[in-house]
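The next block holds one structure in the form of structure tokens; read it before the comments.
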Amino acid sequence: MLSTGLPQGAVPKLERPGPLRERVYEALLELITTRALQPGQHLVESELAGHLGVSRQPVREALQRLNTEGWVDLRPAQGAFVHEPTEEEADQLLTVRTLLEAEAARLAAANAGKTGITALEVLCAKGEQAVADGDVDVVVATNAEFHAKVMELAGNVVLAELAGQVDARVRWYYQPVARQRGKQSWIEHRELIAAISARDEARATAVMRAHTEHTRETYHHRDRD
């Protein structure tokens, strides 16, 4: 794909307060993590500026920042392109995610109260409905919410900060496998809720480790259109 062509309705609104460069950065990051802008896609400053309704300067600044963070590749005489992650990059990131989330699940089993468990059940039901509806975007967003809630229930601020550093990339890698993982992912979420509700720390750890490993394996064996 060699143009910035975006799906209808894919462009986020720049309505949040704050510096324009920050809002443009957040909008472009959202387009990348949701794969509205695909890995390898050419990012044309003028086209992006037109889509977002801004001048080229904040777009240029955002692309430079995204390049620093590894989301965008700047190629001499060619321009900017969405980074195409290698299998090794994905494997390293998803392996770290497994370590963080397995510990979060253990702590959630030790600390979660009735309100927290109910919140997990509500999110799980929402995700199951999204799978039934075939709404991949809602599946991905709800999956992120579910895992964020487990992290919140863990009650460890440092762990949450570390997880926050990889959250966007986890969502990026999950997007292309969400349909393949489908119903099974939410069956595993139900198993995790049961372990947390029973305050079974060992079981919660094992379920989360297996769950995140399944996602990692699915990514490496994903359908490639």
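Annotations for the structure displayed:
- Scoring LEU66 on the criteria (1) touching a strand residue (DSSP E or B) at 6+ places or on another chain (Cβ under 6 Å); (2) of a type outside the set (Gly, Ala, Ser); (3) surrounded by fewer than 21 Cβ atoms within 10 Å (Cβ to Cβ) leaves a single failure, condition (3).
- Considering the stretch 29-40, and only residues there that are in a helix (DSSP H, G or I) and free of Cβ contacts under 8 Å to residues at least 40 places away in the same chain, the residue that is nearest to ALA80 (Cα to Cα) turns out to be LEU31.
- Residue list for the stretch 90-101, restricted to those being crowded, with 20+ Cβ neighbours inside 10 Å and either modelled with pLDDT of 95 or more or among the charged types (D, E, K, R) (or both): ARG97, LEU100, GLU101
- Exactly one residue out of VAL177, VAL166 is crowded, with 18+ Cβ neighbours inside 10 Å, modelled with pLDDT under 95 and within 26 Å of TRP71 (Cβ to Cβ), and it is VAL177.
- Screening LEU43 with (1) in contact with a Phe, Trp or Tyr (Cβ under 7 Å, 6 or more places away or on another chain); (2) aliphatic (A, V, I, L, M); (3) touching a residue at least 40 places away in the same chain (Cβ under 8 Å) gives one miss only, at (3).
- When the stretch 131-150 is filtered for residues that are aliphatic (A, V, I, L, M) and closer than 15 Å to ARG171 by Cα, the ones remaining, listed by number, are VAL136, VAL138, VAL139, VAL140, ALA141, ALA144, ALA148.
- Which listed residue is closer than 23 Å to GLU87 by Cβ and under 16 Å from the mean Cα position of the chain (by Cα), from ARG209, ARG179: ARG179
- Top-ranked residue in the stretch 138-161 [being in contact (Cβ under 8 Å) with a residue 40 or more places away in the chain and of a type in the set (S, T, N, Q); ranked as farthest from ILE117 (Cα to Cα)]: ASN156
- Matching residues, the stretch 180-189, being in contact (Cβ under 8 Å) with a residue 40 or more places away in the chain and surrounded by 15 or more Cβ atoms within 10 Å (Cβ to Cβ): GLY182, SER185, TRP186, HIS189
The values are calculated or read from the model by the stated rules, or taken from the named source; none is laboratory data. Keep in mind that what you see is a predicted model, and the values were worked out from it rather than measured. As a convention, Cβ positions derive from the backbone with ideal geometry for all residues, glycine included, and neighbour counts pool all protein chains shown.
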